[in-house]
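Notes follow once the structure below has been shown.
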Amino acid sequence: MEDNLKNILINFKKTWRFVKEDKKYIILFLIFSLILCGISVITPLLSAKMLLYLTDGLFKELITVTIIVLIVEITRNLFNYLYNILFNKYSFKATSRIQVSIAKEAMKLEISELDNNSSGVFIDRINNDTKEIVSIFSDLGDGLIDVISNIGILIAIYFINKIMFAYFLLMLLIIFILEHIRMKKYFELDKKRRKLSEKNTGLVSELIRGTRDIKSLNIENNFLKKAESKLIESNNEKYKMQKVNAKYNLITGSVKDFSNLFLIFLGIYLCLNNYLSIANFVIVYMYKDRLLELLRYCSFLIELTKKFNVAATRVFEVIDDEKFKKEIFGNKVIDKINGDFEFRNVSFSYNEDKVVLKNISFKIHANEIVAFVGKSGSGKSTIFSLLNRLYLIDSGEILIDNVNINDLTKDSIRNNMSIITQNPYIFNFSIRDNLKLVKDDMTDEEMVEACKLACLHDFIMTLKDGYDTIVGEGGITLSGGQRQRLAIARALLKKTEIILFDEATSALDNETQKEIQKAINNMKGEYTILIIAHRLSTVIDSERIIVIDDGKVIAEGTHNELFENNEFYRNLYEKELV
Ligand code: ADP
């Protein structure tokens, strides 16, 4: 419990960073809530008065009170309106700030965290949890003031009649126990539901992204069956939560109904024995629901803080905590890297199941063109990921210009290197905006030059909107070869000294293959180019070939040397490398 309270305070403090800019709104909420709460205390008193005037036939007084009630209600509606406007303004600003912050932190995560977690883990936190934590600042104000005003009523009852007061206390205790049990059950289910919801969000996002493959494999039914069962599972958890609420609403509702009956009996008894006046009985009766609601408000507050705590813990696990590993870089800056690399006895595994690179060593010299060849799954792409510091190695050293990669800053590594993967990700922007991402201040001339070198310009000119053509999510409206050439153009614009090129294994038509080859040839001499080669033409042109098998370097040399002296290479070459 204490731990929980400490946790809530820590989370509250962390959230405050994002909302303190809007302090003035929060103060205004509190003022408005206070006014609204004052009004809600007065209203039942006025209603009680109206009832008394009515029964006593005091119609003039009745009209006066009715007009006062009207004014009070209009004031209440006005403040309610202002309150809602303010809340929406503040919550939209604070939610956006937290969402941007999570997105920023998510970008800093080690790739291994993204490999090991469903995307839903992050999407749900950005989309849902942020909203929940922001609403605490207004809901808490609301709830607190409700509780305070109702405690005020309870004190008033104490002065009106001690027996009535004791009766209400007893009822509150019973409702408190029931609420406590309800909440415990509710939150156990909620925890499970959130985990399932993360998995579902991931699944739904895969469903949409994988629709093409789902269609072409004709597996809609099987996939939907899987998706459906997962959705049912998580909705079932929601249903169970509602069931808990419904069950306890029924129980507490019945307790309240009976308490009303006993209240009447008790009131009659007290009135008949002159312990209570009729007027006071009417007032107590008018307040009875509010009093019994007191615990609802209390449990609403507890539920709110619990919800806040769960949501905030999930959000700050991404923003502040160490639950998800973030990338850590060194502080040595190299503005312009020469392009010398060395892998010194490097071992690496993605997980404990399998060592992928086994004590691997090789050197690359600046401006060299080196091809990596080997069977699929031998570890070639992994070498590229490690050079880009996307993963941390288990042992050994990776040196860039003789500096350990772990000592270099992020910019020193990634501003000096471009990876062109087999299936590069192109964003759902225009071609121009995709290119602008790597060079914000690029001129049209630079853009066209890069695209010409990447052998993409002529194709872009055939598009109706040219460079302003929107390419769809993941660049879906472009062919594999066009996506790779756009990625080459990105690399050329970035003007990185080092280009890591993972040649597409998918059979590109001869024309496209030639264009990509031409694009690479255009870069020769000025850049250090490492190529994962799947094609003869690339290998033969390379200055050096490193043969990888099962996470080890088994040979290196020129094509002719290897072809003559290395049987493994010869076999690979004869089978077209892959
Ligand atoms: P290549 O590029 O030579 O085809 P990779 O470097 O892609 O080979 O993969 C080497 C091995 O590492 C393979 O066994 C592959 O299954 C595994 N692997 C690749 N990426 C991951 C990952 N993100 N998580 C776990 N294992 C991976």
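Condition first: in contact with a Lys or Arg (Cβ under 9 Å, 6 or more places away or on another chain) and crowded, with 20+ Cβ neighbours inside 10 Å. Can you find one or more residues in the range 320-340 that meet it?
no
Looking at the range 414-456 only, could you name the residues that are outside any loop (DSSP other than H, G, I, E, B), over 21 Å from Thr477 (Cα atoms) and aliphatic (A, V, I, L, M)?
Met417, Ile419, Leu453
So, Asn218, is that one farther than 30 Å from Asn161 by Cα and not in a helix (DSSP H, G or I) or not?
For Asn218, the condition - farther than 30 Å from Asn161 by Cα and not in a helix (DSSP H, G or I) - is met.
Regarding Ser259, is this residue of a type in the set (Gly, Ala, Ser) and surrounded by fewer than 13 Cβ atoms within 10 Å (Cβ to Cβ)?
So Ser259 does not fit the description; no.
For the range 226-247, which residues satisfy the criterion of being in contact (Cβ under 8 Å) with a residue 40 or more places away in the chain and either under 25 Å from the mean Cα position of the chain (by Cα) or more than 18 Å from Asp190 (Cβ to Cβ) (or both)?
Scanning the range 226-247 gives Ser234, Glu237, Lys238, Met241.
Testing Arg76 on (1) farther than 30 Å from Asn280 by Cβ; (2) surrounded by 13 or more Cβ atoms within 10 Å (Cβ to Cβ); (3) modelled with pLDDT under 85; (4) of a type in the set (Lys, Arg), one condition comes back false. Which one is that?
For Arg76, the exception is condition (1).
What are the residues in the range 51-69 that are aliphatic (A, V, I, L, M) and surrounded by fewer than 16 Cβ atoms within 10 Å (Cβ to Cβ), if any? Talk me through it step by step, then tell me what you get.
Going residue by residue through the range 51-69, those that are aliphatic (A, V, I, L, M) are 51-52, 54, 58, 62-63, 65, 67-69.
Across the range 51-69, the qualifying residues are Leu54, Leu58, Ile63, Ile67, Ile68.
Check Leu392, Leu408, Leu399 and return the single one that is within 16 Å of the ligand (Cβ to nearest atom) and either farther than 16 Å from Leu530 by Cα or touching a strand residue (DSSP E or B) at 6+ places or on another chain (Cβ under 7 Å) (or both).
Answer to the check: Leu392.
Can you go through Phe223, Phe187 and tell me which one is touching a residue at least 12 places away in the same chain (Cβ under 8 Å) and touching a Lys or Arg at 6+ places or on another chain (Cβ under 7 Å)?
One residue alone meets the criteria, Phe187.
Can you pull out the residues in the range 100-114 that are more than 16 Å from the ligand (Cβ to nearest atom), over 17 Å from Asn11 (Cβ atoms) and in a helix (DSSP H, G or I)?
Passing the criteria: Val100, Ala103, Lys104, Ala106.
What single numbered condition from (1) loosely packed, with under 12 Cβ neighbours inside 10 Å; (2) under 29 Å from the mean Cα position of the chain (by Cα); (3) not acidic (Asp, Glu) fails to hold for Lys199?
(1)
Look at Glu110 and say whether it is free of Cβ contacts under 8 Å to residues at least 24 places away in the same chain and acidic (Asp, Glu).
no
Only residues that are within 20 Å of Asn388 (Cα to Cα) and in contact with a Lys or Arg (Cβ under 6 Å, 6 or more places away or on another chain): list them for the range 110-126, please.
Glu110, Glu113 - these are the residues of the range 110-126 that are within 20 Å of Asn388 (Cα to Cα) and in contact with a Lys or Arg (Cβ under 6 Å, 6 or more places away or on another chain).
Being over 13 Å from Leu292 (Cβ atoms) and either of a type in the set (Phe, Trp, Tyr) or in contact (Cβ under 8 Å) with a residue 60 or more places away in the chain (or both) is the filter here; which residues of the range 248-266 pass it?
Within the range 248-266, Tyr248, Ile251, Phe265, Leu266 meet the criteria.
Among the candidates Phe92, Phe137, Phe168, which residue alone is in a helix (DSSP H, G or I) and either modelled with pLDDT of 85 or more or in contact with a His (Cβ under 9 Å, 6 or more places away or on another chain) (or both)?
Step by step, each of Phe92, Phe137, Phe168 is checked, and only Phe168 is in a helix (DSSP H, G or I) and either modelled with pLDDT of 85 or more or in contact with a His (Cβ under 9 Å, 6 or more places away or on another chain) (or both).
Tally the residues that are surrounded by 17 or more Cβ atoms within 10 Å (Cβ to Cβ) and modelled with pLDDT of 90 or more, restricting the search to the range 265-283.
3
Among (1) farther than 24 Å from Leu154 by Cα; (2) surrounded by 15 or more Cβ atoms within 10 Å (Cβ to Cβ); (3) of a type outside the set (Val, Ile, Thr), where does Leu46 come up short?
The number of the failed condition is (1).
What tally of residues in the range 361-383 results from selecting those that are surrounded by fewer than 20 Cβ atoms within 10 Å (Cβ to Cβ) and either part of a strand (DSSP E or B) or within 15 Å of the ligand (Cβ to nearest atom) (or both)? Give the derivation first.
Of all residues in the range 361-383, those surrounded by fewer than 20 Cβ atoms within 10 Å (Cβ to Cβ) come to 361-363, 365-368, 375-377, 381.
If we keep only those that are either part of a strand (DSSP E or B) or within 15 Å of the ligand (Cβ to nearest atom) (or both) as well, we get 361-363, 375-377, 381.
Residues that pass the stated criteria total 7.
The values are calculated or read from the model by the stated rules, or taken from the named source; none is laboratory data. Keep in mind that what you see is a predicted model, and the values were worked out from it rather than measured. Backbone-built Cβ (ideal geometry, glycine too); neighbour counts: all protein chains shown.
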